[in-house]
Amino acid sequence: MVVRMIRNKLRLIRYYSADRPRSVWGRATNIAFAAALALTAPAVWLVDRAYVLRVSQLHISGRLNESADGTVWGGVVPDVGLRSPVGDDSVMSGMFQLAIGTEHHGWPFESSRRHPRAQLGLDLFARGEPQADVDLPAGSPLRAAIELALLEAGHDEAVALWQGELPAVSHRLSAWLANGVVWYLLLSYTAWLGISFSRFTSRVVQVGRHARQQQRHREGRCVACGYDLRASEFSERCPECGTLAE
Ligand SMILES: [Zn+2]
């Protein structure tokens, strides 16, 4: 008894879920969702390239001291005097500022970080005007002094970025995946909206056409072109367009 009920239910389920010729709209919906899926990866990639979620800037400032024998020492500003072994005979000879920009890319989640080149600003008192973007040669005493000061203050990542040792772009896989889900939902929702709108519009057009045809039929005119058929009642076809007259 119960077995037979279940068997009947299963038969019904099989019947209603069987493949049968789908409507044009069903096919259009399938194509639209497939297109949304195919467009998801390019969309996420494009947004990661083009969309800057926000830009952050890290500025590290420090001072430079020079002792009587010409040795240069640096210290990051809050730590000056605590760790830098500046001798009693040294005098402050300048300031430095390292600017590290970070571009956070992607939407809605940050899928990558990009670092433009770090910029070093120098204000050496002996040289007059401060310089905004200085390229110190590797191995120069000034560069070594600034690097040491940054490392002592714990800015290892800043030093690595300044020296170009870290890749300029870093990706976050989990954000890439999450963005993929969001973009797939957005694209398929848009596709669904488009299909629904077209379906609604075509239904309105159909209803309008049907009403017009009925009106023409009542008035004794050709349903296709509106030609007056009352004078040609013995002809089977409309003399204007050839449509079979009913
Ligand atoms: Zn006609």
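The values are calculated or read from the model by the stated rules, or taken from the named source; none is laboratory data. None of these values were measured; they are calculated from a predicted model. Glycine gets a Cβ as well: all are built from the backbone with ideal geometry, and neighbour counts include every protein chain shown. Only protein heavy atoms, including side chains, enter the accessible area calculation; ligands, DNA and RNA are left aside. Shrake-Rupley method; radii C 1.70, N 1.55, O 1.52, S 1.80 Å.
Would you check which residues across the range 64-87 are crowded, with 16+ Cβ neighbours inside 10 Å and either modelled with pLDDT of 55 or more or out of contact with any strand residue (DSSP E or B) (no Cβ under 9 Å at 6 or more places or on another chain) (or both) and list them? Those that are crowded, with 16+ Cβ neighbours inside 10 Å and either modelled with pLDDT of 55 or more or out of contact with any strand residue (DSSP E or B) (no Cβ under 9 Å at 6 or more places or on another chain) (or both): 64, 65, 66, 67, 72, 73, 74, 75, 76.
Against the definition (touching a residue at least 24 places away in the same chain (Cβ under 8 Å) and in contact with a helix residue (DSSP H, G or I) (Cβ under 9 Å, 6 or more places away or on another chain)), how does residue 245 come out, yes or no? The answer is no for residue 245. Residue 169 fulfils the conditions (1) in contact with a strand residue (DSSP E or B) (Cβ under 8 Å, 6 or more places away or on another chain); (2) exposed (fewer than 12 other Cβ atoms within 10 Å of the Cβ) except for a single criterion, (2).
Could we say that residue 53 is in a helix (DSSP H, G or I), open to solvent by 40 Å² or more (accessible area, probe 1.4 Å), modelled with pLDDT of 90 or more and within 25 Å of residue 183 (Cα to Cα) here? Taking the combined requirement at face value, the residue does not satisfy it.
Within the range 131-147, the presence of at least one residue that is open to solvent by 90 Å² or more (accessible area, probe 1.4 Å) and of a type in the set (D, E, K, R) is confirmed. Are any of the residues in the range 102-119 more than 24 Å from the chain's Cα centre (by Cα) and at pLDDT below 95? Yes, the range 102-119 has at least one match.
Within the range 63-74, can one find any residue that is over 30 Å from residue 162 (Cβ atoms) and out of contact with any helix residue (DSSP H, G or I) (no Cβ under 8 Å at 6 or more places or on another chain)? No, the range 63-74 contains no residue that is over 30 Å from residue 162 (Cβ atoms) and out of contact with any helix residue (DSSP H, G or I) (no Cβ under 8 Å at 6 or more places or on another chain). Does residue 162 satisfy being farther than 25 Å from residue 58 by Cα and either crowded, with 16+ Cβ neighbours inside 10 Å or of a type in the set (Phe, Trp, Tyr) (or both)? So residue 162 fails the test.
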